[in-house]
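Peer 1: The following block contains the structure, expressed as structure tokens.
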Protein chains: 2
Amino acid sequence: MKVIKGNIIEAQSLNTLKTYKNGYLVLDEEGKLICLSQTLDKEYQNLPLTDYGDALILQSFCDMHLHAPQYPNIGLGMDLELIDWLNTYTFPTEAKCKDLNYARNIYSHLAKELINKGTTRVCMFSSLHTDATLVLMEELEKEGVTGYVGKVNMDRNGSSELEETTKESITETLRFIKEAERFKTLKPIITPRFTPSCTNSLMENLGKIANSYNLLVQSHLSENLKEIEWVKELHPDLDEYWQSYAKYNLWKEKTLMAHCVYSSDSEIKAMKEAKVVAVHCPDSNINICSGTAPIRHFLNEGVWVTLGSDIAGGSTLSMLKVMTLAIRASKNIAITTKDKSDVLTAEEAYYLATSSGERYFNDKVGFPLNEKLHAIVLDDTALVETERLTLSQRLERALYRTNENNIIAVYSEGRKVK
Amino acid sequence: MKVIKGNIIEAQSLNTLKTYKNGYLVLDEEGKLICLSQTLDKEYQNLPLTDYGDALILQSFCDMHLHAPQYPNIGLGMDLELIDWLNTYTFPTEAKCKDLNYARNIYSHLAKELINKGTTRVCMFSSLHTDATLVLMEELEKEGVTGYVGKVNMDRNGSSELEETTKESITETLRFIKEAERFKTLKPIITPRFTPSCTNSLMENLGKIANSYNLLVQSHLSENLKEIEWVKELHPDLDEYWQSYAKYNLWKEKTLMAHCVYSSDSEIKAMKEAKVVAVHCPDSNINICSGTAPIRHFLNEGVWVTLGSDIAGGSTLSMLKVMTLAIRASKNIAITTKDKSDVLTAEEAYYLATSSGERYFNDKVGFPLNEKLHAIVLDDTALVETERLTLSQRLERALYRTNENNIIAVYSEGRKVK
């Protein structure tokens, strides 16, 4: 058992930040949180104490949408829109993951960088390669990254180097699910790349597999106008993009849908009704000129919204930066609407990057008791005038002014991993 | 004399990047560049060599618009638009600079952070306080930051704590010009805050002072719609904002105008004809919900465009980040216009952050011969797959993937300052 001390900042709801100036976290032998308090109870006063002084103790980050095999492309080739960008840069890079040595090297770097930047929970796309996906999970688990990883399914509109037959895709998905049983803190998730990449037959089978094995689903939705047109051509029987998932039982509670830039009001309603989760990826959306997702509108409509880096459409794994880009995206909308209420606050961005993702994994928010600790320690004390600021102000400033070098400790599953 | 070796990347024009893989820079005793070449001439082969290996040698950055006294506010209070933001956050913070001990402390931090982030040339606003402005210049010169600094003029629409009389403003400006003679690498610049802050009488006098002392001018232009309306109310005789500067001889060659978000075609034409320089501040423009400046349009019209961090409307001093935000701002416009040519490339952003500002100081671009070296050494070699990328690709990636910790050396005025 042990005690951690510092300035604790907890996102209890979208608009409720709870702060503990010089507060205490008490962990049991397994790293489960047994007490969070402003003063330390007598019974814990003899436990070993890690005192982080005036540094901030924040919830660790949840990156709810990112593509592991695109890791080497971060910050490169952002001069094309979605479909051309996929064919020119993304598919050739993902194809390389067939080589397991190559895959292990880049996934080892990725896992280390995620922890270094304070991300301990992910919902991640791998490539279509089952064995490379298992390698990815090994590297993530080794470093302390937890969550869901999907072997990607794509049996059409890929490339000669990056496509499976429908049969291969199904067989390999079943093999993936079986092999993934060996991981403790990572689970498989059904991952049709997006509607244009999957035949109806494959979609139908994936819906059945998700149902049989009780697995969650992640994919992409309404990211780009040309993509939406393409889906219409592929599914002339359907009115809207989301129905191409719903038709095959892939549109259900906790299905993760990345982007939702151009979702209509009826698509938003369908998300809310089915309890589908939107993953807002503001960096990617601007980098590949997709558009700006109206996040305040989603929140007002009661849709569950989370954040994703979406590398390598996104240019950074830093959820600190992704939060500031989500705020900037909301301001971009507010400039047009002239409605100040469209602006996301720093507190709201923090909630979206932490608690809103956390709910996906444990149905809880903040620093829940009886759960293994996920937290980061962020030292902003070298910045000027720290002493005159409230903890809430320091949080806002930290989003803009700090980076991985300020993250001096990371806890995942109750264990110190940085 | 000495030799510096590395991968040199020079922005020769908006669209011409010249690269030297394992190239050489030869400096004379004063730090002036006497040779830039792919191979080292025999005559220099016995000089002491600093070999930066596979790191990138870039031009150092020019930050052409920032407010020194707002330094403590970076990353804070970005929930208001311009006029309210000035009154609520900015003016009270600037007023504190009356206290010279306070000013020296924050300016010392600012100067160190600029060098740490690779900015060696600035055009900077101080506060209205002459002595604090001289303290600022001392701290900048000590660290190696060069360029122009202005004592701000504001004799109306400030606050009880932050306003001068017209007479004080003129007298103090003259004292400032005289006292600033003692600096070697920093010069004074005439700095009316913006039209709403300066009476006509003050503007008239500033125009005369700029003319008598042959000084350059910096101010703000067409940042925000309410500001533009306000200027119209204050100058009912004028059709456009820029004329409120032109009327008093402050609109002339090399006058720096920050923002220009809402400049009309006739204002843009007036800029081009007078050779006024636009300072694009993309971070500030989105943070305080001003709007998005149409930079491609400015460039197409032949206006001289530079970049500024504009702290503390801007949230970062990092010109690496400001470049990526300029690219994102241009994509924001391209999403609306559906015109891909509106997108700024990474190479163009690098030109705007380096050579385009450098011209302001020495009428040259790139790494000019017979000028004291301004350069940074950026080590991106720890990122994956560096060896497979061209230097141009590594430059693009560096904008997104590196920060001050990758900047392992900075040269200013021929001297190593980091």
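The values are calculated or read from the model by the stated rules, or taken from the named source; none is laboratory data. All figures in this text were calculated on a predicted structure; none of them were measured in a lab. Cβ sites come from the backbone with ideal geometry, for glycine too, and all protein chains shown count toward neighbours. Accessible surface areas use protein heavy atoms only, side chains included; no ligands, DNA or RNA. Shrake-Rupley method; radii C 1.70, N 1.55, O 1.52, S 1.80 Å.
Peer 1: How many residues does the stretch A:12-26 hold that are under 21 Å from residue A:363 (Cβ atoms) and either open to solvent by less than 20 Å² (accessible area, probe 1.4 Å) or not assigned by TED's automatic domain parsing to the domain that holds residue A:395 (or both)?
Peer 2: Number of matching residues: 1.
Peer 1: A further question on this structure: Scan the stretch B:160-199 residue by residue and report those that are of a type in the set (A, V, I, L, M, F, W, C) and either closer than 23 Å to residue B:247 by Cβ or assigned to a helix (DSSP H, G or I) (or both).
Peer 2: B:170, B:174, B:176, B:177, B:180, B:189, B:190, B:194, B:198
Peer 1: Go through the stretch B:69-88 and give me each residue that's away from chain A (no Cβ under 11 Å) and either of a type in the set (D, E, K, R) or in contact with a Leu (Cβ under 7 Å, 6 or more places away or on another chain) (or both).
Peer 2: Going residue by residue through the stretch B:69-88, those that are away from chain A (no Cβ under 11 Å) are B:69-70, B:82-83, B:85-88.
Listed by number, the list holds a single entry, B:88.
Peer 1: Which residues, counting only those in the stretch B:271-294, are more than 14 Å from every other protein chain (Cβ to nearest Cβ) and open to solvent by 10 Å² or more (accessible area, probe 1.4 Å)? Break it down stepwise before answering.
Peer 2: Applying the first criterion (more than 14 Å from every other protein chain (Cβ to nearest Cβ)) to the stretch B:271-294 yields B:271-280.
Scanning the stretch B:271-294 gives B:272, B:273, B:274, B:275.
Peer 1: Just checking, which of A:358, A:371 is away from chain B (no Cβ under 12 Å) and either open to solvent by less than 30 Å² (accessible area, probe 1.4 Å) or among the polar types (S, T, N, Q) (or both)?
Peer 2: On the way: A:371 fails: either open to solvent by less than 30 Å² (accessible area, probe 1.4 Å) or among the polar types (S, T, N, Q) (or both).
Of the residues listed, the single one that is away from chain B (no Cβ under 12 Å) and either open to solvent by less than 30 Å² (accessible area, probe 1.4 Å) or among the polar types (S, T, N, Q) (or both) is A:358.
Peer 1: Residue by residue through the stretch A:124-180, note down the ones that are in contact with a helix residue (DSSP H, G or I) (Cβ under 8 Å, 6 or more places away or on another chain), among the basic types (Lys, Arg) and surrounded by fewer than 21 Cβ atoms within 10 Å (Cβ to Cβ).
Peer 2: A:142, A:156, A:175
Residue by residue, here is whether (1) within 26 Å of residue B:106 (Cα to Cα); (2) in a helix (DSSP H, G or I); (3) at pLDDT 95 or above; (4) not assigned by TED's automatic domain parsing to the domain that holds residue B:69 holds:
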| position | (1), (2), (3), (4) |
| --- | --- |
| B:320 | yes, yes, yes, no |
| B:323 | yes, yes, yes, no |
| B:328 | no, yes, yes, no |
| B:332 | no, yes, yes, no |
| B:335 | no, yes, yes, no |
| B:344 | no, no, yes, no |
| B:348 | no, yes, yes, no |
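Peer 1: How many residues, within the stretch A:385-418, are crowded, with 23+ Cβ neighbours inside 10 Å and out of contact with any Leu (no Cβ under 9 Å at 6 or more places or on another chain)?
Peer 2: Final tally of qualifying residues: 1.
Peer 1: Can you give me the number of residues within the stretch B:299-330 that are within 15 Å of the chain's Cα centre (by Cα) and either facing chain A (nearest Cβ under 9 Å) or not aromatic (Phe, Trp, Tyr) (or both)?
Peer 2: 21
Conditions tested, residue by residue: (1) more than 25 Å from the chain's Cα centre (by Cα); (2) more than 30 Å from residue B:373 (Cβ to Cβ).
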residue: B:138; (1), (2): no, no
residue: B:144; (1), (2): no, no
residue: B:152; (1), (2): no, yes
residue: B:156; (1), (2): yes, yes
residue: B:166; (1), (2): yes, yes
residue: B:174; (1), (2): no, yes
residue: B:182; (1), (2): no, no
residue: B:190; (1), (2): no, no
residue: B:200; (1), (2): yes, yes
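Peer 1: Now a separate question. Only residues that are under 20 Å from residue A:354 (Cβ atoms) and surrounded by fewer than 24 Cβ atoms within 10 Å (Cβ to Cβ): list them for the stretch A:237-270, please.
Peer 2: Residue satisfying the conditions is A:254 alone.
Peer 1: In the stretch A:94-111, what residues are within 11 Å of another protein chain (Cβ to nearest Cβ) and without any contact (Cβ under 8 Å) to a residue 40 or more places away in the chain?
Peer 2: Scanning the stretch A:94-111 gives A:96, A:102, A:105, A:106, A:107, A:108, A:109.
Peer 1: Ok, one more. Which is assigned to a helix (DSSP H, G or I) and farther than 16 Å from residue A:287 by Cβ, of B:395, B:383?
Peer 2: B:395 is the lone residue from the list that is assigned to a helix (DSSP H, G or I) and farther than 16 Å from residue A:287 by Cβ.
Peer 1: For residue B:340, indicate whether it is surrounded by 22 or more Cβ atoms within 10 Å (Cβ to Cβ) and either in contact with a Gly (Cβ under 9 Å, 6 or more places away or on another chain) or within 9 Å of chain A (Cβ to nearest Cβ) (or both).
Peer 2: So residue B:340 does not fit the description; no.
Peer 1: Can you find a residue in the stretch B:229-238 that is within 30 Å of residue B:349 (Cα to Cα), in contact with a helix residue (DSSP H, G or I) (Cβ under 9 Å, 6 or more places away or on another chain) and among the β-branched types (Val, Ile, Thr)?
Peer 2: no
Peer 1: Output the residues belonging to the stretch B:231-266 that are closer than 25 Å to residue B:311 by Cα, not in a loop (DSSP other than H, G, I, E, B) and not small (Gly, Ala, Ser).
Peer 2: Residues satisfying the conditions are B:231, B:245, B:256, B:257, B:259.
Peer 1: For the condition surrounded by 24 or more Cβ atoms within 10 Å (Cβ to Cβ) and among the hydroxyl-bearing types (Ser, Thr, Tyr), what is the one hit in A:185, A:191?
Peer 2: A:191
Peer 1: In addition: Any idea how many residues of the stretch A:94-123 are farther than 30 Å from residue A:375 by Cα, open to solvent by less than 10 Å² (accessible area, probe 1.4 Å) and not acidic (Asp, Glu)?
Peer 2: Residues flagged as farther than 30 Å from residue A:375 by Cα, open to solvent by less than 10 Å² (accessible area, probe 1.4 Å) and not acidic (Asp, Glu) within the stretch A:94-123 amount to 1.
Peer 1: List the residue pairs whose Cβ atoms are under 9 Å apart, where the first residue sits in the stretch A:208-235 and is over 23 Å from residue A:126 (Cβ atoms) and open to solvent by 30 Å² or more (accessible area, probe 1.4 Å), the second is at pLDDT below 95 and not in a loop (DSSP other than H, G, I, E, B), and the two are 6 or more positions apart or on different chains.
Peer 2: Sorted first by the residue in the stretch A:208-235, then by its partner, the pairs are A:226/A:82; A:226/A:83; A:230/A:83.
Peer 1: Specify the residue that is nearest to residue B:350 (Cα to Cα); the eligible residues are those in the stretch B:27-77 that are of a type in the set (Gly, Ala, Ser) and buried (at least 24 other Cβ atoms within 10 Å of the Cβ).
Peer 2: We begin by selecting, within the stretch B:27-77, every residue of a type in the set (Gly, Ala, Ser); these are B:31, B:37, B:53, B:55, B:60, B:68, B:75, B:77.
Subsequent filtering for residues that are buried (at least 24 other Cβ atoms within 10 Å of the Cβ) retains B:60, B:68, B:75.
Details: B:60: 10, B:68: 23, B:75: 24 Å.
This residue is B:60.
Peer 1: Continuing with this model, one more query. Yes or no: residue A:345 in contact with an Asp or Glu (Cβ under 8 Å, 6 or more places away or on another chain) and within 11 Å of chain B (Cβ to nearest Cβ)?
Peer 2: Details: in contact with an Asp or Glu (Cβ under 8 Å, 6 or more places away or on another chain): yes; within 11 Å of chain B (Cβ to nearest Cβ): yes.
Considered against the rule, which asks whether it is in contact with an Asp or Glu (Cβ under 8 Å, 6 or more places away or on another chain) and within 11 Å of chain B (Cβ to nearest Cβ), residue A:345 comes out as yes.
Peer 1: Residues in the stretch A:236-281 that are among the aliphatic types (A, V, I, L, M) and in contact (Cβ under 8 Å) with a residue 60 or more places away in the chain: how many?
Peer 2: Count: 5.
Peer 1: Go through (1) within 13 Å of chain A (Cβ to nearest Cβ); (2) in contact with an Asp or Glu (Cβ under 9 Å, 6 or more places away or on another chain); (3) surrounded by fewer than 17 Cβ atoms within 10 Å (Cβ to Cβ) for residue B:382 and report which single condition fails.
Peer 2: (2)
Peer 1: Do we have residue B:103 as touching a helix residue (DSSP H, G or I) at 6+ places or on another chain (Cβ under 8 Å), small (Gly, Ala, Ser), farther than 21 Å from residue B:194 by Cα and assigned by TED's automatic domain parsing to the domain that holds residue B:323 here?
Peer 2: On the way: touching a helix residue (DSSP H, G or I) at 6+ places or on another chain (Cβ under 8 Å): yes; small (Gly, Ala, Ser): yes; farther than 21 Å from residue B:194 by Cα: yes; assigned by TED's automatic domain parsing to the domain that holds residue B:323: yes.
Criteria met by residue B:103.
Peer 1: Being under 11 Å from residue B:65 (Cβ atoms) and not small (Gly, Ala, Ser) narrows it down to one of B:306, B:255, so name that one. Write out each step before concluding.
Peer 2: Numbers: B:255 fails: under 11 Å from residue B:65 (Cβ atoms).
Being under 11 Å from residue B:65 (Cβ atoms) and not small (Gly, Ala, Ser) holds for just one of B:306, B:255, which is B:306.
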